[in-house]
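Student: Okay, handing you the structure first.
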Amino acid sequence: MSINFPLLLVIAVAVCGALALFDLVFLAPRRRNAIATYQGQVAGEADEQVIERLNKEPLLVEYGKSFFPVLAIVLILRSFLVEPFQIPSGSMRPTLEVGDFILVNKFAYGIRLPVIDTKVIQVEDPQRGDVMVFRYPSDPNINYIKRVVGLPGDQIRYTKDKHLYVNGKLVAQQLIGEEPGSLGSVMLYNEKLGEAEHLIRKEMKRYHAVPGGEWVVPEGHYFMMGDNRDNSNDSRYWNDPNIPKPLLGMVPDKNIVGKAFAVWMSWPDPKMSNLPNFSRVGLIH
């Protein structure tokens with residue numbers, strides 16, 4: 001069962017804010033009146049312990065007022081500025097490794113209201129080559145991270161010999177080296193996609209059919225691929241009978257979460273039994 005954390009955070013802020021407002025409007029004046037009445041009834045100096053008791057806030061109100069500013073700040077930061085994520089899979093290797101903790105710019109592609117995700121302020125559109133976090137079209141409760149390959153109107157072709165074409169032009173790739181893989185050597189290439197240069201992985205001995213092979217990106221949608229080209233569940237493979245065929249494999253603008261821009265920590269051990277490391281800290285390209 002997935003937890004809608006943004007909704008829970010909004011509810012928590014609303015409840016704490018309501019408690020603080022209720023205290024300000026109704027309870028605090030009553031406490032002040034009770035203290036004034038007590039002070040008027042006593043002869044001489046009033047008992048400080050009695051005043052403290054009369055001025056004491058209900059426990060629920062006290063907690064609500066204490067948590068409200070903290071939760072409000074977290075909501076603002078997480079919804080409009082920066083949100084942290086952890087990488088759960090190797091689909092973006094070598095750019096991102098399992099266990100990397102990343103920061104995502106929430107306003108890069110526009111300011112959106114939390115929970116309902118309605119864009120209220122347009123900033124910039126995603127660019128080819130950006131590393132983007134988005135909600136999986138078939139299950140918006142799941143966040144995915146991939147690289148933007150196709151923009152609205154683009155024609156994308158990916159061949160069985162693992163070549164990528166955008167609008168009929170072969171995307172430039174330069175062989176860098178190789179590393180061990182599950183099916184023999186994995187080839188590392190430097191790829192230039194738009195203005196972005198980054199490394200990708202290809203397992204040259206792994207052959208599998210790509211469903212389709214050519215796509216046209218509709219308006220308001222994006223075509224996404226992982227840098228680990230043979231180990232990535234991305235736009236090439238999504239198959240949902242509930243999504244119309246022209247939109248199959250595409251990420252709609254409304255599903256965009258933000259632009260990943262930095263790794264701030266890495267903790268690959270799922271049990272977190274060892275210490276995190278900071279050797280991978282840096283900007284994401």
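Student: Quickly run through segment 90-135 and pick out the residues that are of a type in the set (S, T, N, Q) and without any contact (Cβ under 8 Å) to a residue 60 or more places away in the chain.
Tutor: Thr118, Gln122 - these are the residues of segment 90-135 that are of a type in the set (S, T, N, Q) and without any contact (Cβ under 8 Å) to a residue 60 or more places away in the chain.
Student: Checking Ser232 against (1) in contact (Cβ under 8 Å) with a residue 40 or more places away in the chain; (2) at positive phi, which test does it fail?
Tutor: Just one mismatch for Ser232, condition (2).
Student: If you don't mind, there's one more thing I want to ask. Filter segment 215-254 down to the residues that are surrounded by 20 or more Cβ atoms within 10 Å (Cβ to Cβ), in a strand (DSSP E or B) and over 22 Å from the mean Cα position of the chain (by Cα) and list them by number.
Tutor: Correct list: Trp215 only.
Student: While we're looking at this one, here's another question. Would you call Tyr136 among the aromatic types (Phe, Trp, Tyr) and either crowded, with 17+ Cβ neighbours inside 10 Å or within 23 Å of Ile11 (Cα to Cα) (or both)?
Tutor: no
Student: Report yes if Ala20 is at pLDDT 90 or above, of a type outside the set (S, T, N, Q) and in contact with a Lys or Arg (Cβ under 6 Å, 6 or more places away or on another chain), otherwise no.
Tutor: yes
Student: With the requirement that a residue be assigned by TED's automatic domain parsing to the domain that holds Met250, touching a residue at least 12 places away in the same chain (Cβ under 8 Å) and acidic (Asp, Glu), what does segment 152-199 give you?
Tutor: Matches in segment 152-199: Asp154 only.
Student: Also, I was wondering about something else. Among the residues that make up segment 195-202, is at least one of them at pLDDT below 85 and over 27 Å from the mean Cα position of the chain (by Cα)?
Tutor: no
The values are calculated or read from the model by the stated rules, or taken from the named source; none is laboratory data. The shown structure was predicted, so the numbers you read here are calculated from the model rather than taken from an experiment. Neighbour counts run over all protein chains shown; Cβ positions are idealised from the backbone, glycine included.
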